[in-house]
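Student: Pasting a structure here, questions to come.
The values are calculated or read from the model by the stated rules, or taken from the named source; none is laboratory data. Predicted, not measured: the structure shown is a model, and the values here were computed from it. We place every Cβ from the backbone using ideal geometry, glycine too, and count neighbours over all the protein chains shown.
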Amino acid sequence: MINFAILNIIWFEFGFEYVSAKEINVVTSFSVLADMVQQIGKSHVKVNSLIGPCEDPHVYEPKPSDLNILKHANLIFVNGLGLEGWINRLFISSETNGKIIIVSDGIHTITNNIAKNKTVIDPHAWNNVTNAIVYATNIERALIEADQDDADEIRLNSKFYIEQLRALDSWAKKEIDSIPMPSRKVITNHNSLSYLGDAYDITFLTFQGISSESEPTATQVASLIKQIRDEKVKAIFIENQSDSRLMTQIIKESNIKLSGELYPEALSKQDGVAPTYIKAFIHNIKLLKAGMLGE
């Protein structure tokens, strides 16, 4: 188990007493990136997230206030890979001079078949902790470029954060390795956890594609219900940012008990169970393990 208490004590010794020489105005596209930037930038960044906690990045509708937020941004961090399909028109309308940073640059992407001879890149790369380390490295580089005076402090923040991520990855692998392979099948709302499944050998079955905007057909839903029954899948989850009505129908017709709520795309509010990326990942792994074991 990761001893976050000790890590937090270490961070208190190194970081909390530091006086910021400069504050960078940062805008992020959604809550996961906002937390990552905050963890690395600490007192050197003022972070605004266009999409808040428990909000779906696929179906976000930009607000007039977003234009002003972007206009005054020094740096704008986005996931890329097609996640924020709405953001280009927002950049143009805001006339922002902020530098745009695509945090997913450098990762090995996963593609999904959505139709015959047609594939699409899965944008949910942060759900593999190895990719989250790439995100952190890209964030560190951009913040240092924008704030050379505080480079040493930002570099230290990033080093500490990446150490936490590596420990998180090791812990997650041990947790999932304890589950028999035949039990590693999970039902979720939409295909947001392919990277997690690829990293830890879990099969995720969904009734929606990589975007929560996609509407499944009656045939697809019926096929999934049949698969749940035939393969005796134990673990079925809703996602905090998604509409759960169709999942409720599937649960009822499959005669299976809901295993809990995951946080794959949006963090919780600060008083919730998943207010940071690391806490969300720990929550998800613990819940997935319990669900797959039928506990």
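Student: Could you run through the range 92-131 and say how many residues are of a type in the set (A, V, I, L, M, F, W, C) and closer than 24 Å to GLU23 by Cα?
Tutor: Total satisfying the criteria: 4.
Yes/no per residue for (1) surrounded by fewer than 19 Cβ atoms within 10 Å (Cβ to Cβ); (2) out of contact with any Gly (no Cβ under 6 Å at 6 or more places or on another chain); (3) β-branched (Val, Ile, Thr):
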residue: ILE101; (1), (2), (3): no, yes, yes
residue: GLY106; (1), (2), (3): yes, yes, no
residue: THR111; (1), (2), (3): yes, yes, yes
residue: VAL120; (1), (2), (3): yes, yes, yes
residue: PRO123; (1), (2), (3): no, no, no
residue: TRP126; (1), (2), (3): no, yes, no
residue: ALA142; (1), (2), (3): no, yes, no
residue: ASP149; (1), (2), (3): yes, yes, no
residue: ASP152; (1), (2), (3): yes, yes, no
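Student: With the condition kept exactly as written, say whether any residue in the range 189-196 is assigned to a helix (DSSP H, G or I) and at pLDDT below 95.
Tutor: yes
Student: In this structure, is GLU95 of a type in the set (D, E, K, R) and at positive phi?
Tutor: yes
Student: Can you pull out the residues in the range 79-99 that are among the β-branched types (Val, Ile, Thr) and crowded, with 19+ Cβ neighbours inside 10 Å?
Tutor: ILE87, THR96
Quick grid of which residues meet (1) free of Cβ contacts under 8 Å to residues at least 24 places away in the same chain; (2) within 16 Å of the chain's Cα centre (by Cα); (3) not in a helix (DSSP H, G or I):
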residue: TRP126; (1), (2), (3): no, yes, no
residue: ALA136; (1), (2), (3): no, yes, no
residue: GLU140; (1), (2), (3): no, no, no
residue: LEU143; (1), (2), (3): no, no, no
residue: GLU153; (1), (2), (3): no, no, no
residue: LEU156; (1), (2), (3): no, no, no
residue: ASP169; (1), (2), (3): no, yes, no
residue: LYS174; (1), (2), (3): yes, no, no
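Student: Listed residues LEU262, LEU258; which is aliphatic (A, V, I, L, M), modelled with pLDDT of 75 or more and buried (at least 21 other Cβ atoms within 10 Å of the Cβ)?
Tutor: Among LEU262, LEU258, only LEU262 is aliphatic (A, V, I, L, M), modelled with pLDDT of 75 or more and buried (at least 21 other Cβ atoms within 10 Å of the Cβ).
Student: Within the range 157-203, take every residue that is basic (Lys, Arg) and farther than 18 Å from TYR135 by Cβ and give me the one that is surrounded by the most Cβ atoms within 10 Å (Cβ to Cβ).
Tutor: Ranking the candidates gives LYS185 first.
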